[in-house]
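A quick write-up on the structure given underneath.
The values are calculated or read from the model by the stated rules, or taken from the named source; none is laboratory data. Everything quoted here is computed from the prediction, not taken from an experiment. All Cβ positions, even for glycine, are placed from backbone atoms using ideal geometry, and neighbour counts span all protein chains on display.
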Amino acid sequence: GILRRLALRLSFYLISISAQKVFRPGFLATINTIHFARWVLLPGTNRLMFFSNYGGSWESYLEDFIAKASAGLTGVWSNTDGYPRTRWLFLDGARDGDRFKRWARRQQVPTLFWYTAYPRLNTTRIRINSR
């Protein structure tokens, strides 16, 4: 309903402000293993799409989200079906690591094509080289 849509917009706004004013450029919060993240509301639907690029294992990716960005994740995804139980739309949710991981796995859609400009370089080396 309208409350959920407003809460989702507020979450997007707060994440955007944090990304611009608080966090280091090139990092999602304090997570250096996640290189890109974007939520998109699909026009004309109630569907939310999330894209991200990360370095490391699926398990470490989710652990980083749980430990370092759970409030932001919960603020957005608490407005979706089946997300782990929250308090006040921003609390808990992703903190329930096992439920969050099961939920995330059920939502995942495999990427069928992938391009990388520097296949032999890790992100640390790319950052160093860009200076």
Considering each residue of the stretch 83-113, count those that are out of contact with any helix residue (DSSP H, G or I) (no Cβ under 6 Å at 6 or more places or on another chain), at pLDDT 90 or above, farther than 24 Å from HIS35 by Cβ and in a loop (DSSP other than H, G, I, E, B), and give that number. 2
Hey, among the residues in the stretch 22-47 that are within 12 Å of the chain's Cα centre (by Cα) and aliphatic (A, V, I, L, M), which one's farthest from LEU121 (Cα to Cα)? VAL40
Could you tell me whether the stretch 51-58 includes any residue that is at pLDDT 85 or above, outside any strand (DSSP E or B) and under 14 Å from the mean Cα position of the chain (by Cα)? yes
With (1) without any contact (Cβ under 8 Å) to a residue 24 or more places away in the chain; (2) surrounded by 13 or more Cβ atoms within 10 Å (Cβ to Cβ); (3) within 30 Å of SER130 (Cβ to Cβ); (4) under 11 Å from the mean Cα position of the chain (by Cα) as the list, and ALA19 as the residue in question, which single condition is left unmet? (4)
If I filter the stretch 22-51 down to residues being touching a residue at least 12 places away in the same chain (Cβ under 8 Å) and among the hydroxyl-bearing types (Ser, Thr, Tyr), which single residue comes out as farthest from SER78 (Cα to Cα)? THR33
